[in-house]
Amino acid sequence: MSGLVIRQSGPADGSALTALYPAAFPEENLLCVVAALLEPGQPALSLVAVRDGAVAGHVIFTACEIEGSDDGDNKIALLAPLAVAPAHQWKGIGRALVEAGMERLRDTQIAVVCVLGDPGYYGRLGFAPETAIAPPYPLPAAWRDAWQSRTLIDKAQAPRGRLLVPFPWQDPALWGP
Ligand SMILES: CC(C)(COP(=O)(O)OP(=O)(O)OC[C@H]1O[C@@H](n2cnc3c(N)ncnc32)[C@H](O)[C@@H]1OP(=O)(O)O)[C@@H](O)C(=O)NCCC(=O)NCCS
């Protein structure tokens, strides 16, 4: 997409993200979890989409583990949150952020990217309902199709089991209505 730059976020993007999240999610407060995920040492890939010099979107992919598996099998990432500023929505920025993240994760040997979100949206981005990897907390039955994944390897080789998430995501309130 012309004029769009996707790059890793940095401390200088803090105020843009503080404005972006309440605008994209007026009914949710995700700033605490975003700030915790961006703390140094967190296993997160954080990308911003910049258009005309301003941050128009943001996504985080967090490295997670599968309960009880050896380190070598822990090649899962959680995609969340994904936010595009209202004035820039439906112009391909969300898709560009997700694809840029998937490319970078492929280089780090991530095998599967999980997401809890609208299947009407993520289905367009190649995600499908996930049943072999269980979410970290039980989900309401109505959300079953919202737990999705996209594999970066042969699906038959993908890890199975319950997802263990790092501390910013260890809050059941983030996983329920
Ligand atoms: C949802 C969101 C991230 C999508 O980003 P975006 O840049 O507006 O979406 P894109 O332009 O990349 O859209 C990609 C595709 O999804 C479609 N699409 C966009 N928003 C959609 C939605 N809410 N529901 C269903 N499909 C959607 C587009 O038409 C496009 O389809 P196509 O390429 O087949 O034509 C963005 O609108 C947003 O931040 N919304 C508010 C916050 C939010 O709900 N985030 C949650 C993600 S679970």
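The table below lists the values:
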{"read-out": "Checklist (1) under 15 Å from the mean Cα position of the chain (by Cα); (2) at pLDDT below 95 applied to Asp70, failing item", "value": "(1)"}
{"read-out": "Residue match in segment 16-38 (condition: away from the ligand (no atom under 15 Å from the Cβ), of a type outside the set (Val, Ile, Thr) and open to solvent by less than 10 Å² (accessible area, probe 1.4 Å))", "value": "yes"}
{"read-out": "Residues satisfying the stated conditions in segment 51-64, i.e. surrounded by fewer than 23 Cβ atoms within 10 Å (Cβ to Cβ), touching a Gly at 6+ places or on another chain (Cβ under 9 Å) and part of a strand (DSSP E or B)", "value": "Arg51"}
{"read-out": "Contacts under 9 angstrom Cβ, first residue in segment 120-131 being touching a residue at least 12 places away in the same chain (Cβ under 8 Å), partner in a loop (DSSP other than H, G, I, E, B) and near the ligand (Cβ under 7 Å from one of its atoms), 6 or more apart", "value": "Phe127/Gly117"}
{"read-out": "Among the residues listed as Glu103, Glu99, Glu130, Glu67, the single one being more than 21 Å from Pro22 (Cα to Cα), open to solvent by 60 Å² or more (accessible area, probe 1.4 Å) and in contact with a strand residue (DSSP E or B) (Cβ under 8 Å, 6 or more places away or on another chain)", "value": "Glu67"}
{"read-out": "Any hit, segment 13-26, residues being closer than 21 Å to Asp171 by Cβ, without any contact (Cβ under 8 Å) to a residue 24 or more places away in the chain and in contact with a Ser or Thr (Cβ under 8 Å, 6 or more places away or on another chain)", "value": "no"}
{"read-out": "Members of segment 95-121 that are within 11 Å of the ligand (Cβ to nearest atom), over 11 Å from the mean Cα position of the chain (by Cα) and part of a helix (DSSP H, G or I)", "value": "Arg95, Ala96, Glu99, Pro119, Gly120, Tyr121"}
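The values are calculated or read from the model by the stated rules, or taken from the named source; none is laboratory data. Note that the coordinates shown come from a computational prediction; the quantities given were computed from them, not determined experimentally. Backbone-built Cβ (ideal geometry, glycine too); neighbour counts: all protein chains shown. Protein only, heavy atoms only, side chains kept; ligands, DNA and RNA dropped before computing areas. Shrake-Rupley method; radii C 1.70, N 1.55, O 1.52, S 1.80 Å.
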